[in-house]
Amino acid sequence: MRWLVMTALLAAGWGGFAYSAWQRWRLMRSARRPEKRWDRPGERIRSVLVYMFGQKRMVRYPLAGWAHIAVFFGFLVLLLNTLILWGRAYDPEFEFWVFGHDQPLGKVYALLRDVFTVLVIAGVLVFYWNRLVLRLKRLTLNFEGLLILTIIFVMMIADLLYEGGGLVRRWRSGEQQSLVAWGMPFASATALWMKGWPEGLCRMAEQAGYWAHATLVLVFLNLLPYGKHFHVVTVLPNVFFRQLKPSGWLRPIPDIDGRLERGEVLGARRVADLSWKCVLDMYTCTECGRCSDQCPATQTGKLLSPKHFMISLRDHVYRRGPKWLEAGGKPAQDEQDILVPQVVPAEVLWACTTCGACEHECPVFITYIDKIMELRRHLVMEQGQFPEQLQTAFRGLETVGNPYSFANEQRAEWAAGLSVPLRADRPDAEWLFWVGCACSFDDRAKKIARATAELLLEAGVDFAILGPEEQCTGDPARRAGNEYLFAMLAQANVETLNRYGVKNIVTTCPHCLHTLRNEYPDFGGHFEVIHHSVLLADLVRAGRLVPRHPVPATVVYHDACYLGRHNGVFQAPRELLSRIPGLAVVEAGQCRDRGMCCGAGGAQMWKEEEHGTSRVNHARVRQLLAVLPQMDSGRMIASACPFCMTMLTDACKDQGHDDVQQLDIAELLHRAVVRKTPVAVMEQA
Ligand code: SF4
Ligand code: SF4
């Protein structure tokens, strides 16, 4: 009878799960954009080992992280126990041979099972605590989450009763001498507690424990595809198929002209225009809220919260999916399936700075920037819907090759009075100094270009600039969703750089660095691109620049997202600062890969910020100044990006911190090496 009940339960449980999983699979395939994620299998396997089995990102939030580790490994260990329990419906003595109770591995397994039963209970209690007592803002309190936690909790208590009851039964029948099994401390403690119970109650508890575990696990299995715990199934493929392109990289739209001619969708209008991996991302969101916890837009009260963005898309897929499946999984044409604004308000999309904080935090490697960009692309290129201030930048980029709308002939004016050669005159120069639009046209940023050029000249570096032949890399257009304009600029720049046979590029702008290094290869441009902080640090290390003049001040360094998080340059600017005599360096609370964005990225520089509780640059300056008390010797914020400089300077002014100096790391080094400030040099010029 027992085997019959178990057979019926297993058939119903696994049958139900297989049906639901099949529906999810079909739904995933209704996203039609092709996406290849089979390259670099070794690296993919390594990712699974490090990030899934190694749980590497989990401990970035230590308490929740360790609780998850306990539950995750408990799940793996107790999976075997579940199989054993199912087997015992057919044979009460069933054991897997090597894990038999008298086998060495069996003894180790019994100990692991016992310990993990309690560790899982502890982990679940931490999750309850975070949700019900601390009510952490990043978490969403929902019925499904609490139900699953309760199922896990009850299963673990059931295991203790089953094992404890079994020990009491075998001790009473004389099958074993002692009530205590030393290899199972927690089951033994349960047995000691049950020792005085009447025999009938003990047997009932043992049986209840058995059936509770054996059936609840099937209930759990069938709930998975309908909520956030589906990640239990999808996390492995999601980590395996993760994006291996550089952080912040955006995919080009292939044959963009042909698509326009054929009237094909540009960007994403519906889920059907996304890829299967986008839907797998939606399935995998655990709703842990770490992404939103780090997001500068969420932190400053904008409508954007990456977690809710992901959940809105997922709920839309679940809500509308049955209709799509009825239509044979064909891309839906219904108005209700248009994503913006029905599912995602446009303000959500325009609040993103593409800083990458969310993607670097997500423990299951969900990406958001790609989806936000696909939606922006559709709005901009097909609907003509975008914040009107962007129009000025687009027009400048289209007509004169820079978003400031200056005549491109003025590009090299910042170098007046310096012997900086043009590439046309020095075609064999070792380095190309890519100046970028900000350092070419913005009066404050021009000083960064001058300081850098003077340092390179001082160190005897063989370099040249393109001057009027340089155009904007197209970064503002690309991040604003105007891929067509970006592609035009990228092709023109690649053509110029390849014509000159450029191999090595140094730039002061992290946005140029990112685009030239990570995105131009898709347009035929393959260059070694480094940031000026890296080259300057090399020159100081080699003794070609000697910072000998003290700069008496205290400085806090602000990490630019496109330099640090997206391109991994954290150390070089810090090394430079540490080598300047007299300069005291302090770290911000949120720094390195958790450094907060300045608010300029993702084309925000060229538009008004979305409405929120604070401006992003104001919030960042508050964080920086929290570790930089007012002092006599002077306080400074050092940055390594001309756009960060603008944002932080504006925020200091707005907040009345006129005493705080803003300097690029090149300007600070310039003070220590050359003594004359680039400002003075410029004025002389
Ligand atoms: S990229 Fe930055 S601004 Fe955009 S959603 Fe992620 S954390 Fe928020
Ligand atoms: S997207 Fe990632 S970080 Fe954000 S809530 Fe989901 S699992 Fe957590």
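Does the range 279-305 hold any residues that are away from ligand 1 (no atom under 13 Å from the Cβ), of a type in the set (A, V, I, L, M, F, W, C) and touching a helix residue (DSSP H, G or I) at 6+ places or on another chain (Cβ under 6 Å), and which are they? Answer for the range 279-305, where residues must be away from ligand 1 (no atom under 13 Å from the Cβ), of a type in the set (A, V, I, L, M, F, W, C) and touching a helix residue (DSSP H, G or I) at 6+ places or on another chain (Cβ under 6 Å): 279, 280, 282, 285. Only one of the numbered conditions (1) more than 29 Å from residue 289 (Cβ to Cβ); (2) of a type in the set (Phe, Trp, Tyr); (3) part of a helix (DSSP H, G or I) is not met by residue 94, and that is (3).
Which residue, of 418, 432, is in a loop (DSSP other than H, G, I, E, B), assigned by TED's automatic domain parsing to the domain that holds residue 512 and either more than 30 Å from residue 590 (Cβ to Cβ) or within 16 Å of ligand 2 (Cβ to nearest atom) (or both)?
Working: 432 fails: in a loop (DSSP other than H, G, I, E, B).
Sole residue among the options that is in a loop (DSSP other than H, G, I, E, B), assigned by TED's automatic domain parsing to the domain that holds residue 512 and either more than 30 Å from residue 590 (Cβ to Cβ) or within 16 Å of ligand 2 (Cβ to nearest atom) (or both): 418.
Kindly indicate the residue of the range 1-34 that is surrounded by 15 or more Cβ atoms within 10 Å (Cβ to Cβ) and charged (D, E, K, R) and also farthest from residue 270 (Cα to Cα) among those meeting that condition. Per the criteria, the residue is 24. Residues that are hydroxyl-bearing (Ser, Thr, Tyr) and under 19 Å from residue 328 (Cβ atoms) within the range 21-50 comprise just one, 30. Can you find, within the range 467-478, the residue that is surrounded by the fewest Cβ atoms within 10 Å (Cβ to Cβ) among those that are without any contact (Cβ under 8 Å) to a residue 60 or more places away in the chain and in contact with a Leu (Cβ under 7 Å, 6 or more places away or on another chain)? The selected residue is 467.
Matching residues to (1) at pLDDT 95 or above; (2) over 20 Å from residue 24 (Cβ atoms); (3) surrounded by fewer than 19 Cβ atoms within 10 Å (Cβ to Cβ); (4) not β-branched (Val, Ile, Thr):
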site: 266; (1), (2), (3), (4): yes, yes, no, yes
site: 280; (1), (2), (3), (4): yes, no, no, yes
site: 290; (1), (2), (3), (4): yes, yes, no, yes
site: 300; (1), (2), (3), (4): yes, yes, no, no
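Does residue 175 satisfy the criteria of being free of Cβ contacts under 8 Å to residues at least 60 places away in the same chain, out of contact with any Pro (no Cβ under 7 Å at 6 or more places or on another chain) and not in a loop (DSSP other than H, G, I, E, B)? Against the criterion (free of Cβ contacts under 8 Å to residues at least 60 places away in the same chain, out of contact with any Pro (no Cβ under 7 Å at 6 or more places or on another chain) and not in a loop (DSSP other than H, G, I, E, B)), residue 175 does not qualify. For the range 246-298, taking the residues that are of a type in the set (Phe, Trp, Tyr) and part of a helix (DSSP H, G or I), the one that is nearest to ligand 2 (Cβ to nearest atom) is identified as 283. The one condition from (1) of a type outside the set (Lys, Arg); (2) assigned to a loop (DSSP other than H, G, I, E, B); (3) touching a Pro at 6+ places or on another chain (Cβ under 9 Å) that residue 243 does not meet is (3). Does residue 508 count as among the polar types (S, T, N, Q) and surrounded by 20 or more Cβ atoms within 10 Å (Cβ to Cβ)? In short, yes. When we screen 138, 113 for residues that are touching a Gly at 6+ places or on another chain (Cβ under 8 Å), not β-branched (Val, Ile, Thr) and not assigned by TED's automatic domain parsing to the domain that holds residue 296, the only hit is 138. So in the range 322-343, with the set limited to residues that are surrounded by 14 or more Cβ atoms within 10 Å (Cβ to Cβ), part of a helix (DSSP H, G or I) and of a type outside the set (D, E, K, R), which one is farthest from ligand 1 (Cβ to nearest atom)? Checked the range 322-343; the qualifying residue farthest from ligand 1 (Cβ to nearest atom) is 325. In the range 322-330, the condition of being at pLDDT 95 or above and either touching a Lys or Arg at 6+ places or on another chain (Cβ under 9 Å) or closer than 22 Å to residue 263 by Cβ (or both) is met by no residue. Would a scan of the range 190-201 turn up a residue that is touching a residue at least 60 places away in the same chain (Cβ under 8 Å) and either more than 16 Å from ligand 2 (Cβ to nearest atom) or not in a helix (DSSP H, G or I) (or both)? Looking for residues that are touching a residue at least 60 places away in the same chain (Cβ under 8 Å) and either more than 16 Å from ligand 2 (Cβ to nearest atom) or not in a helix (DSSP H, G or I) (or both), one finds none in the range 190-201, hence no.
Return the residues of the range 344-367 that are among the aromatic types (Phe, Trp, Tyr), buried (at least 22 other Cβ atoms within 10 Å of the Cβ) and within 10 Å of ligand 2 (Cβ to nearest atom); say none if nothing qualifies. Passing the criteria: none in range. Cβ-Cβ distances below 7 Å connect the following pairs, each with a first residue in the range 274-295 that is small (Gly, Ala, Ser), a second residue that is near ligand 2 (Cβ under 7 Å from one of its atoms), and a separation of six or more residues or different chains: 289/307; 292/306; 292/307.
Can you tell me which residue is surrounded by the most Cβ atoms within 10 Å (Cβ to Cβ) among those in the range 537-578 that are of a type in the set (Lys, Arg) and over 28 Å from the mean Cα position of the chain (by Cα)? Checked the range 537-578; the qualifying residue surrounded by the most Cβ atoms within 10 Å (Cβ to Cβ) is 544.
The values are calculated or read from the model by the stated rules, or taken from the named source; none is laboratory data. This structure is a prediction, so every number in the text was calculated from the model and none was measured. Note: ideal-geometry Cβ built from the backbone for every residue, glycine included; neighbour counts use all protein chains shown.
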